[in-house]
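Student: Would you mind keeping the following structure in view while I ask a few things?
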Amino acid sequence: MGAQKNSPLTEAVFYILLSLYTPLHGYGIMQNVKKLTEGRLNIGAGTLYGALNTLLSKGFISVYSGDDPAKKEYIITQEGKSAVDTEILRLKELVANGEKITGESK
């Protein structure tokens, strides 16, 4: 699973994982991603549930047993948090190198 762990995350997957630091159901995840990106990124149900299945199989998230068993909620795992941390470091490097080359530090 090491290669999967170090693979870059898509923007949608990154925001899904960020959303799951608090347990949420599918619709809640879609709404949170929209809120975090100020409406720039809208994740459709098909994309979301495909991503959730992949994240479950990688061990990045797990099903959370909440108060209402009718609504399946998900939560990020420690492995998922490590993937987010790795992605943040990758993105910081990307920005630092881009600013170094272009000379545009913001």
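The values are calculated or read from the model by the stated rules, or taken from the named source; none is laboratory data. Computed from a predicted model, the values in this text were never measured in an experiment. As a convention, Cβ positions derive from the backbone with ideal geometry for all residues, glycine included, and neighbour counts pool all protein chains shown. Accessible surface areas use protein heavy atoms only, side chains included; no ligands, DNA or RNA. Shrake-Rupley method; radii C 1.70, N 1.55, O 1.52, S 1.80 Å.
Student: Among the numbered conditions (1) of a type outside the set (A, V, I, L, M); (2) surrounded by 11 or more Cβ atoms within 10 Å (Cβ to Cβ); (3) at pLDDT below 95, tell me where Lys106 comes up short.
Tutor: Every condition holds for Lys106 apart from (2).
Student: Considering each residue of segment 82-101, count those that are out of contact with any helix residue (DSSP H, G or I) (no Cβ under 8 Å at 6 or more places or on another chain) and either open to solvent by less than 90 Å² (accessible area, probe 1.4 Å) or under 15 Å from Pro8 (Cα atoms) (or both), and give that number.
Tutor: Going through segment 82-101 one residue at a time, the tally reaches 13.
Student: Related question: Report the residue count in segment 18-43 for those that are at positive phi and either open to solvent by 60 Å² or more (accessible area, probe 1.4 Å) or among the aromatic types (Phe, Trp, Tyr) (or both).
Tutor: 1
Student: Ser19 versus (1) in contact with a Pro (Cβ under 7 Å, 6 or more places away or on another chain); (2) within 20 Å of Arg90 (Cβ to Cβ): which is the lone unmet condition?
Tutor: Only one criterion in (1) in contact with a Pro (Cβ under 7 Å, 6 or more places away or on another chain); (2) within 20 Å of Arg90 (Cβ to Cβ) is unmet by Ser19, namely (1).
Student: Could you please let me know if Ser62 is open to solvent by less than 60 Å² (accessible area, probe 1.4 Å) and touching a Leu at 6+ places or on another chain (Cβ under 8 Å)?
Tutor: Taking the combined requirement at face value, the residue satisfies it.
Student: Separate question: Tell me yes or no: at least one residue of segment 76-96 is under 14 Å from the mean Cα position of the chain (by Cα) and outside any helix (DSSP H, G or I).
Tutor: Yes, that holds for at least one residue.
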